[in-house]
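Step one of this worksheet: look at the structure below.
The values are calculated or read from the model by the stated rules, or taken from the named source; none is laboratory data. Everything numeric in this text was worked out from a predicted model, so none of it was measured. Glycine gets a Cβ as well: all are built from the backbone with ideal geometry, and neighbour counts include every protein chain shown. Quick note on the areas: whole protein, heavy atoms, side chains included, nothing else; ligands and nucleic acids left out. Shrake-Rupley method; radii C 1.70, N 1.55, O 1.52, S 1.80 Å.
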Amino acid sequence: AMSRSRGGELRLAATLAAMTAVAAGAVVAAPGRVAALLEASARALRSRRTKRKPVRVYMDGCFDLAHFGHANALRQAKACGDTLVVGLIPDAEVLRCKGPPVLREAERRAVIASVKWVDEIIENVPYDLTPEFCETLYSKHGIDFIVHGDDPCLLPDGTDAYDAPKRAGRFRMIKRTEGVSTTDIVNRVLRAAASDERREKKNTKRDDTSDD
C-alpha cells in the first residue's frame, strides 16, 4: 500500500513538473490561468498525502533509569513510521526476565510519556513477543512494524525475543547507542557509593587519630 501511494505521489509530482514546463511559455499570456492550474495540482498532491494511512510502529522496553540511549532509540523508532507506540514492560515482567527495576512502573511511564517522539503508550505488555501478542498488536492497535535495536535481545530460555515479527516481515532494526546502559549507570552509582564510603572511613580514622 505504501509503495502504491508513493508511486502515485511521484506520478503526480512528475505531472506537475511537466505542466509547469509547458505553462512556462504561457505565463506572459495568461498568468492567472497558470497560477490556478498550479494551485489545483498542489491541492491534489496534498490531498493524496493526507489520505495515506499513517504507519504505526511499536517499540517496547523497560526504560529503567531512562538515559540518552533510550531517547536515541525512541527517536530512531519514530523515524521508522508516523506514529510511535511504546510498550512499557511492567515491574513483574522486568523482575522475571532481567531482575528488579530501580524505578517503579509509574515512574518509568512518566519519563517515557515526556519524550517528544512518543505518541502512545501501551501498559502491561509482555516481555515475550509471542506470535499471539504480535497479532494483538497488528489487529487491535494497528501496528505495522515492530522496532528494536541491533543488539541481541534474548528470552530467559535463550531464544530471540523478536523472532515472531522477524518471521512475519514486520520487524525494523535501528542502531543501538553504544557506551551507555542502565546496567552501566547502576554500576557507576555503586562505585561512587563505595568510593564515598571508603573516603568516609578514612576521614573518621584520621579524626580518631587526631583525638589521640
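Yes/no matrix, rows are residues, columns are (1) among the β-branched types (V, I, T); (2) out of contact with any Gly (no Cβ under 9 Å at 6 or more places or on another chain):
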{"position": "A110", "(1), (2)": "no, yes"}
{"position": "L137", "(1), (2)": "no, no"}
{"position": "D151", "(1), (2)": "no, yes"}
{"position": "D160", "(1), (2)": "no, yes"}
{"position": "D163", "(1), (2)": "no, yes"}
{"position": "K166", "(1), (2)": "no, yes"}
{"position": "G179", "(1), (2)": "no, no"}
{"position": "T183", "(1), (2)": "yes, yes"}
{"position": "R198", "(1), (2)": "no, yes"}
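Given the residues R56, R108, R104, which is the only one that is within 22 Å of K175 (Cα to Cα), within 27 Å of the chain's Cα centre (by Cα), charged (D, E, K, R) and at pLDDT 90 or above?
Answer to the check: R56.
Would it be correct to say that D160 is open to solvent by less than 50 Å² (accessible area, probe 1.4 Å), more than 22 Å from D184 (Cα to Cα), out of contact with any Asp or Glu (no Cβ under 9 Å at 6 or more places or on another chain) and of a type in the set (D, E)?
no
Can you name every one of the strands (runs of 3 or more DSSP E) wholly within region 40-151 that holds 3 or more residues which are within 24 Å of T177 (Cα to Cα) and open to solvent by less than 30 Å² (accessible area, probe 1.4 Å)?
Of the strands (runs of 3 or more DSSP E) lying wholly inside region 40-151, those with at least 3 residues that are within 24 Å of T177 (Cα to Cα) and open to solvent by less than 30 Å² (accessible area, probe 1.4 Å) span 56-61, 83-88, 145-149.
Return the pair list, or none, for Cβ contacts closer than 8 Å from residues in region 149-175 that are touching a residue at least 24 places away in the same chain (Cβ under 8 Å) to residues that are outside any loop (DSSP other than H, G, I, E, B) and among the polar types (S, T, N, Q), at least 6 apart or on different chains.
Listed pairs, sorted by first residue: I174/Q76; K175/Q76.
Yes or no, residue by residue, for (1) open to solvent by less than 70 Å² (accessible area, probe 1.4 Å); (2) under 20 Å from the mean Cα position of the chain (by Cα); (3) at pLDDT below 85; (4) hydrophobic (A, V, I, L, M, F, W, C):
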{"residue": "K166", "(1), (2), (3), (4)": "no, yes, no, no"}
{"residue": "M173", "(1), (2), (3), (4)": "no, yes, no, yes"}
{"residue": "V180", "(1), (2), (3), (4)": "yes, yes, yes, yes"}
{"residue": "I185", "(1), (2), (3), (4)": "yes, no, yes, yes"}
{"residue": "N203", "(1), (2), (3), (4)": "yes, no, yes, no"}
{"residue": "D211", "(1), (2), (3), (4)": "no, no, yes, no"}
